[in-house]
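Novice: Sending over a structure as structure tokens; questions will come in a sec.
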Amino acid sequence: MLPIFKSIPTHMDYKGQKLAEQIFQGIILISAGIGFVYGLIIEQFGWTVYIVLAGFAIPCAPKIRNPLSWQPALPESTAEPSQKPQESTKKKKHK
Amino acid sequence: MNTVLSRANSLFAFSLSVMAALTFGCFITTAFKDRRVPVDIHVSKVMLKNVDDFTGPRERSDLGFITFDLSADILPPIFDWNVKQLFLYLSAEYATKSNSLNQVVLWDKIVLRGENTKLNLRDMKSKYFFFDDGNGLRANKNITLTLSWNVVPNAGILPLVAGSGHVSIPFPETYETTKSY
């Protein structure tokens with residue numbers, strides 16, 4: 001039961017989100033520019049739309065993750081010697 | 001951007017905005033264009049009859065028959081990337097005693113994108129009846145035929161363009177009475 005819950009990502013990857021947003025905006029803007037010029041040259045606005053749709057389809061595919069680097073687990077107070085640090089290293093794996 | 005739905009939402013919204021901007025660009029690149037084209041109209045035969053007009057005042061009205069040739073090359077200046085189709089129509093304009101301006105559409109044609117845009121029509125008969133609402137056609141010396149077109153665009157205004165080159169014809173003094181059949 002527990003490992004299932006632990007496999008669900010719960011932290012917010014703000015940097016990854018920002019990067020993903022910038023990437024998809026860049027892709028769509030570039031495809032829009034290409035499509036506009038191409039449509040203007042061949043006098044077909046339909047091709048402009050198709051090229052923008054192709055650019056739209058690209059960011060639908062990948063999911064970008066920016067791994068967070070966590071601070072290494074601090075050694076707990078000397079009263080509990082070995083159990084806690086192990087648990088926190090386990091957690092670290094899923095980030 | 002942290003769930004699939006919100007990511008899809010921002011992607012759709014941004015793409016839609018970009019598409020709207022592109023459509024506006026398409027409009028603005030063609031908005032100030034001159035879409036007039038020289039048209040060559042030649043009338044080969046004119047016939048005038050005086051028949052019962054059952055739609056109007058139940059009196060005999062003038063009915064004209066015109067056979068015309070039409071040639072125009074409308075491809076290069078008109079069919080740009082903001083044009084879906086053209087609606088061409090040939091109209092007759094004339095003045096009578098009762099009306100200073102009469103306009104009758106005699107013939108029309110839709111030209112779709114990708115169709116042959118070189119018009120070269122010989123001995124065309126008018127599609128629609130050329131009925132006057134009285135007896136204004138007989139001996140009318142100045143009946144002007146003009147080819148005009150509506151441009152149906154992808155985005156923007158729907159311009160109405162009159163082709164340059166019209167022809168003025170006189171109508172005969174007498175009615176055609178002999179039955180040819």
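Laboratory data are not the source of any read-out in this text; all were calculated from the coordinates shown. Computed from a prediction, not measured in an experiment: that's the story for all the values here. Cβ: placed from backbone, ideal geometry, glycine included. Neighbour counts: every protein chain shown.
Novice: Can you compute the helix-only [θ] at 222 nm over chain B? Use -39500 (n - 2.57) per DSSP H run of at least 4 residues, normalise by all residues, nearest 500 deg cm²/dmol.
Specialist: -5500 deg cm²/dmol
Novice: Okay, moving on. Based on other C-beta atoms within 10 Å, arrange B:Met47, A:Met12 from fewest to most.
Specialist: Values: B:Met47 15, A:Met12 11.
The order, fewest Cβ neighbours first, is A:Met12, B:Met47.
Novice: Hey, what did chain B get for relative contact order, percent, Cα under 8 Å, at least 6 apart?
Specialist: 26 percent
Novice: Hey, what did the stretch B:79-181 get for relative contact order, percent, Cα under 8 Å, at least 6 apart?
Specialist: Answer for the stretch B:79-181 is 31 percent.
Novice: Mind listing the phi-derived Karplus ³J(HN,Hα) values for the stretch B:11-23, rounded to whole Hz, using 6.51, -1.76 and 1.60 with θ = phi - 60°, and x for any glycine or proline?
Specialist: 5, 4, 4, 5, 4, 5, 4, 5, 5, 5, 5, 5, 5
Novice: Step through the residues of the stretch A:45-53 one at a time and calculate ³J(HN,Hα) from phi using the Karplus curve (6.51 cos²θ - 1.76 cosθ + 1.60, θ = phi - 60°), rounding each to whole Hz and writing x for Gly and Pro.
Specialist: Going residue by residue, I get 6, x, 5, 4, 5, 4, 5, 5, 5 Hz, with x marking Gly and Pro.
Novice: Here's something else I'd like to know. Mind listing the long-range amide H neighbours of B:Val83? Cut-off is under 5 Å, sequence gap 5 or more, other chains count too, H placed in the peptide plane at 1.01 Å from N.
Specialist: B:Asn154
Novice: Scan the stretch B:11-44 for chymotrypsin sites (Phe, Trp or Tyr not before Pro) in coil per DSSP, keeping those whose Cβ has at most 15 other Cβ atoms within 10 Å, and list them by number.
Specialist: Numbers: sites: B:Phe12, B:Phe14, B:Phe24, B:Phe27, B:Phe32; in loops: B:Phe32.
Passing both the DSSP loop test and the Cβ count: B:Phe32.
Novice: Then there is this: Among B:Asp34, B:Asp108, B:Asp132, which comes first, then next, by fewest other beta-carbon atoms within 10 Å?
Specialist: Least crowded to most crowded, the residues run B:Asp34, B:Asp108, B:Asp132.
Novice: Taking H placed 1.01 Å from N in the peptide plane, check which residues at least 5 places from B:Val37 or on another chain put their amide H under 5 Å from its amide H.
Specialist: Placed amide hydrogens put B:Ser164 under 5 Å from B:Val37.
Novice: Now for a separate question. Can you tell me the FRET efficiency between B:Leu5 and A:Leu53 if r is taken as the Cβ-Cβ distance and R0 is 22 Å, rounded to the nearest 0.05? Walk me through the intermediate numbers first.
Specialist: Working: r = 20 Å, r/R0 = 0.92.
Plugging the Cβ-Cβ distance into 1/(1 + (r/R0)^6) gives 0.60.
Novice: If r is the Cβ-Cβ distance from B:Asn120 to B:Phe27 and R0 is 45 Å, what FRET efficiency results, to the nearest 0.05?
Specialist: 0.90
Novice: Here is a further query. Would you calculate the separation in nanometres between label points at B:Asn99 and B:Ala139, each defined as 7 Å from the Cα along the Cα-to-beta-carbon direction?
Specialist: 2.2 nm
Novice: Any idea how far apart A:Gln44 and A:Met12 come out in nm if each label point goes 7 Å out from Cα toward Cβ?
Specialist: 4.6 nm
Novice: Of the cross-linked pairs A:Lys18/B:Lys84; B:Lys97/B:Lys127; B:Lys45/B:Lys84; B:Lys97/B:Lys118; B:Lys33/B:Lys125; B:Lys33/B:Lys97, which ones have a Cα-Cα span greater than 30 Å in the structure shown?
Specialist: Details: A:Lys18/B:Lys84 40 Å; B:Lys97/B:Lys127 26 Å; B:Lys45/B:Lys84 34 Å; B:Lys97/B:Lys118 39 Å; B:Lys33/B:Lys125 32 Å; B:Lys33/B:Lys97 38 Å.
A:Lys18/B:Lys84; B:Lys45/B:Lys84; B:Lys97/B:Lys118; B:Lys33/B:Lys125; B:Lys33/B:Lys97, as the Cα separations exceed 30 Å there.
Novice: Round to the nearest 0.05 the FRET efficiency obtained for B:Ala13 and A:Phe5 when R0 = 30 Å and r is the Cβ-Cβ distance.
Specialist: 0.35
Novice: Further question on the same structure: Give a residue-ordered list of calculated ³J(HN,Hα) values for the stretch B:38-53 (Karplus: 6.51 cos²θ - 1.76 cosθ + 1.60, θ = phi - 60°; whole Hz; x for Gly, Pro).
Specialist: Those phi angles translate into x, 10, 10, 10, 9, 9, 9, 8, 10, 9, 10, 10, 10, 10, 5, 9 Hz.
Novice: Going by C-beta contacts inside 10 Å, put A:His11, B:His166 in order with the fewest on the left.
Specialist: A:His11, B:His166
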